[in-house]
Amino acid sequence: MASGLFLLSRSSSRNPNKWEPMKEFALQSEYPNRILYNDYTVEQGITYRYSLQQYNNHNIYSERRISNSVTADFEDLFLYDGER
């Protein structure tokens, strides 16, 4: 179980050393086993890595837990305005 503040970030094959913040969230004595974020902003043919860090109110961050690489490979495109 986890408690605290967390930051989800990503890097891409275009700039692998730059981590872009995607979402901040809090967990209160729960397992992080649900989908916390859907990334609708990936680009075809680009490889991404995601990281999760815990932090506190003094902006002290833990080491990054980094995902496996994921390559965006899709045949269709959908426009999304945040609601539909």
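Computed on the chain, with alpha-carbon pairs under 8 angstrom and 6+ residues apart, the relative contact order is 30 percent. Here the accessible area is traced with a 1.4 Å probe on the protein chains. For the stretch 1-63, carbon and sulfur cover 48 percent of it.
Among the GluC sites (Glu not before Pro) in the stretch 19-84, those placed in a DSSP loop whose Cβ has at most 15 other Cβ atoms within 10 Å are 43, 63, 75, 83.
Straightening the chain between residue 22 and residue 69 buys 15.3 nm, computed as 0.36 nm per residue apart minus the Cα-Cα spacing. Per residue, the solvent-accessible area of the chain (1.4 Å probe, heavy atoms of protein chains only, all protein chains present) comes to 81 Å².
The values are calculated or read from the model by the stated rules, or taken from the named source; none is laboratory data. Only a predicted model underlies this, so the values are computations on that prediction, with no experimental measurement involved. Reconstructed Cβ throughout: ideal geometry from the backbone, glycine too, with neighbour counts over all protein chains shown. The area values use the complete protein model at the heavy-atom level, side chains included, leaving out ligands, DNA and RNA. Shrake-Rupley method; radii C 1.70, N 1.55, O 1.52, S 1.80 Å.
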